[in-house]
Amino acid sequence: MRLRLLIPALALVVAACSAPASSDEPGTAAPEASASAASSADPAADAIEVSVLDFMLDPSDIEVAGPTVTFDVTNDGPTPHNFTVRDDAGEVLMATEDLSVDGTETISGELEPGTYTVFCSLPGHESLGMSGTLTVTGG
Ligand SMILES: [Cu+2]
């Protein structure tokens, strides 16, 4: 007897849930559609998100089309870190400030096609694992 009562009740719940989403609330569908369209057209969508943490970069191997490269860097570790780009000669070309815990910074610059080293320049951090490769392809 209980089961027979449950089934029509379930059907009502399903009907009640699906109806508003498709017809009664066009207002909820429209903002979602425009939000996704806006984010795909946003030039900032080309930014590469990088996490710095104890003691690694995520991702550590980055490939990007140049010449303009942008990094959204977040410190997800429990201690301060930075994100720095140097060339083969050891010259620093781009760098964030030292980011405190949960700190973020966006850096952008122009890089020639080639291979670079990305690392944290705080003492000892690179050798502890905060090192990776950045490959810039022609653009
Ligand atoms: Cu570090």
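The values are calculated or read from the model by the stated rules, or taken from the named source; none is laboratory data. Model, not experiment: these values are computed from the prediction. FYI the Cβ positions are ideal-geometry reconstructions off the backbone, even for glycines, and counts take in every protein chain you see.
Just a few scattered comments:
- Within segment 82-112, the set of residues being at positive phi and of a type outside the set (D, E, K, R) comprises GLY90 only.
- Per-region count, segment 94-129, residues closer than 15 Å to PHE71 by Cβ, among the aliphatic types (A, V, I, L, M) and either under 18 Å from the mean Cα position of the chain (by Cα) or not in a loop (DSSP other than H, G, I, E, B) (or both): 5
- Residues that are within 15 Å of the ligand (Cβ to nearest atom), surrounded by 15 or more Cβ atoms within 10 Å (Cβ to Cβ), among the acidic types (Asp, Glu) and under 20 Å from the mean Cα position of the chain (by Cα) are absent from segment 66-75 altogether.
- Restricting the first member to segment 98-119 and to residues that are assigned by TED's automatic domain parsing to the domain that holds MET130 and modelled with pLDDT of 95 or more, and the second to residues that are among the hydrophobic types (A, V, I, L, M, F, W, C) and outside any strand (DSSP E or B), the beta-carbon pairs closer than 6 Å and six or more apart or on different chains are PHE119/MET130.
- Filter pass, GLU63 being in a strand (DSSP E or B) and surrounded by fewer than 17 Cβ atoms within 10 Å (Cβ to Cβ): yes
- Qualifying residue in segment 4-17 (condition: away from the ligand (no atom under 16 Å from the Cβ), at pLDDT 50 or above and either more than 15 Å from HIS125 (Cβ to Cβ) or of a type in the set (Lys, Arg) (or both)): yes
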